[in-house]
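Data first, discussion second: the structure below is written as structure tokens.
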Amino acid sequence: MKSKKRIDYIDVLRGIGIIYMILGHINFGMSFDHYIHAFHMPLFFFVTGFFFNRKQLSFFPFLKKITKQLICPYLIWGMFFLIFASTTKIGLYTSVSTAIINLITTNNSGLPIAGALWYLTCFYFSQLILYFLNKYLKKEILFGLASMLIFALGILLHNFNITLWWSIVNSFVAVGLIYFGYLIKKTKLVERFTNTNIIYTLLLFVLNYFFIMHTGYVNMRTGSYPNLIMFFFNLLLAIVVYINISKILLHIKPLTFVTSKIKYIGENSIVSLCLNQFVIVLCNY
């Protein structure tokens, strides 16, 4: 359901998102946390929508592919961190029994060391949901309507503090974000505002920062969306800003080495997501 062709500026964009995630785990204060959570995790689902297409794939090869890419790393690293934390008592935020239960059930809090692993199961189920919507709803309007209804269901469940196993409620929200990215790409809305002019990009960044900091705190993991209209607006504007920044970085020759490393992080985002908190915990220790 995603194109295999890599686009440099998208990999740089993903790399920036991962770097923000890592900095958020290091903790640079509430203001920084408020800013990055408005877009840095939703960004990955939104960008997935850029590469979504309505071409139907065979189910079992698709299921095998996403299980290998997402569930296998989740279980392998989740068990490794659990064993490591229970043995060393480093990064164990709950009792061992609670950590085990969290790993196999509601995994968006209390995981040992790497709480960010919730993203893997969330992404997994969002892909499954979209697969079946794509298969059975051939008309574009029905596909879009169903995607947004599932998104609304996710928001509603969050508002009533209803959680399901393996961040499935977050997956409902992710379905809407992926569809949003797909729709924006299809209508070429982002392309109309992307521009590698540094002054233009800086002004958009300041505007985006102002709106984010004057909107309620967003957190996809915990399901905090105080103002949905501003959430989508801030996300879309952040996407434009960081696509511009990604393209600018790729065109500045003296920064080629740095940009190549950011791009590498983006290309290997799953590895960074799984391991960054482990490294941070060890450094803190």
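The values are calculated or read from the model by the stated rules, or taken from the named source; none is laboratory data. Predicted model only: the values in this text are computed from it and were never measured. Please note: Cβ atoms are built from the backbone with ideal geometry, for glycine as well, and neighbour counts cover all protein chains shown. These accessible areas exclude ligands, DNA and RNA; they are computed on the full protein's heavy atoms, side chains included. Shrake-Rupley method; radii C 1.70, N 1.55, O 1.52, S 1.80 Å.
Looking only at segment 238-285, how many residues end up being of a type outside the set (S, T, N, Q), over 17 Å from residue 23 (Cα atoms) and open to solvent by less than 20 Å² (accessible area, probe 1.4 Å)?
Looking only at that region, the number is 5.
Which count do you get for residues in segment 84-118 that are touching a residue at least 40 places away in the same chain (Cβ under 8 Å) and basic (Lys, Arg)?
Final tally of qualifying residues: 0.
I'd like the residue in segment 167-193 that is crowded, with 18+ Cβ neighbours inside 10 Å and among the polar types (S, T, N, Q) and, out of all such residues, is modelled with the lowest pLDDT.
167
Output the residues belonging to segment 87-108 that are part of a loop (DSSP other than H, G, I, E, B), out of contact with any Phe, Trp or Tyr (no Cβ under 8 Å at 6 or more places or on another chain), surrounded by 13 or more Cβ atoms within 10 Å (Cβ to Cβ) and among the hydroxyl-bearing types (Ser, Thr, Tyr).
93, 94
Answer yes if at least one residue in segment 243-259 is in contact (Cβ under 8 Å) with a residue 24 or more places away in the chain, part of a loop (DSSP other than H, G, I, E, B) and out of contact with any His (no Cβ under 8 Å at 6 or more places or on another chain), and no otherwise. Spell out how you get there, then give the answer.
Kept after step one, since they are in contact (Cβ under 8 Å) with a residue 24 or more places away in the chain, are these residues of segment 243-259: 243-251, 259.
Among the residues that remain, those that are also part of a loop (DSSP other than H, G, I, E, B) are: none.
Checked segment 243-259: no residue is in contact (Cβ under 8 Å) with a residue 24 or more places away in the chain, part of a loop (DSSP other than H, G, I, E, B) and out of contact with any His (no Cβ under 8 Å at 6 or more places or on another chain).
Every residue in segment 135-146 that is hydrophobic (A, V, I, L, M, F, W, C) and part of a loop (DSSP other than H, G, I, E, B), please.
137
On the given criteria, is residue 78 over 21 Å from residue 132 (Cβ atoms) and modelled with pLDDT under 90?
Judged against the criteria, residue 78 is not a match.
When you check residue 26 against the structure, is it within 15 Å of residue 124 (Cβ to Cβ) and of a type in the set (A, V, I, L, M, F, W, C), yes or no? Explain how you work it out, then say what you get.
Values: within 15 Å of residue 124 (Cβ to Cβ): no; of a type in the set (A, V, I, L, M, F, W, C): yes.
Considered against the rule, which asks whether it is within 15 Å of residue 124 (Cβ to Cβ) and of a type in the set (A, V, I, L, M, F, W, C), residue 26 comes out as no.
Could you list, in sequence order, all residues of segment 221-237 that are loosely packed, with under 13 Cβ neighbours inside 10 Å and not in a helix (DSSP H, G or I)?
Selection gives 226, 227.
Cβ-Cβ below 6 Å, separation at least six or inter-chain, first residue in segment 137-149 and over 17 Å from residue 187 (Cα atoms) and of a type outside the set (A, V, I, L, M), second open to solvent by 70 Å² or more (accessible area, probe 1.4 Å) and part of a helix (DSSP H, G or I): which pairs?
No pair meets every condition.
Look through 84, 62, 151, 132 and report the one residue that is of a type outside the set (S, T, N, Q), over 22 Å from the mean Cα position of the chain (by Cα), in a helix (DSSP H, G or I) and at negative phi.
After ruling out the rest, the residue left standing is 84.
Of the conditions (1) open to solvent by less than 30 Å² (accessible area, probe 1.4 Å); (2) under 25 Å from residue 106 (Cα atoms); (3) β-branched (Val, Ile, Thr), residue 47 clears all except one; give me its number.
Result: residue 47 passes all but (2).
Between 80, 59, 123, which is among the aromatic types (Phe, Trp, Tyr) and exposed (fewer than 14 other Cβ atoms within 10 Å of the Cβ)?
Going through 80, 59, 123 in turn, the sole match is 59.
Here are the criteria: (1) surrounded by 13 or more Cβ atoms within 10 Å (Cβ to Cβ); (2) of a type outside the set (Ser, Thr, Tyr); (3) under 27 Å from residue 31 (Cα atoms). Tell me which single one residue 199 does not satisfy.
(1)
Among the residues of segment 212-220, are any part of a helix (DSSP H, G or I), within 28 Å of residue 263 (Cβ to Cβ) and over 16 Å from the mean Cα position of the chain (by Cα)? Even if it seems obvious, please write down each step before you answer.
Our first condition is that a residue be part of a helix (DSSP H, G or I); within segment 212-220, this holds for 212-213.
Still in the running and within 28 Å of residue 263 (Cβ to Cβ): 212.
Applying the additional criterion that residues be over 16 Å from the mean Cα position of the chain (by Cα) yields 212.
Checking segment 212-220: at least one residue is part of a helix (DSSP H, G or I), within 28 Å of residue 263 (Cβ to Cβ) and over 16 Å from the mean Cα position of the chain (by Cα).
Given the structure, is residue 121 touching a residue at least 12 places away in the same chain (Cβ under 8 Å) and not in a helix (DSSP H, G or I)?
The answer is no for residue 121.
Can you name the residue in segment 7-44 that is outside any helix (DSSP H, G or I) and closer than 21 Å to residue 194 by Cβ and is also most open to solvent (accessible area, probe 1.4 Å) among such residues?
First, pick out the residues of segment 7-44 that are outside any helix (DSSP H, G or I): 7, 27-29, 38-41.
Right, trim to closer than 21 Å to residue 194 by Cβ and you get 7, 38-40.
Values: 7: 59, 38: 7, 39: 4, 40: 8 Å².
Among them, the one singled out is 7.
Is it the case, given these coordinates, that residue 71 is open to solvent by 70 Å² or more (accessible area, probe 1.4 Å) and part of a helix (DSSP H, G or I)?
So residue 71 does not fit the description; no.
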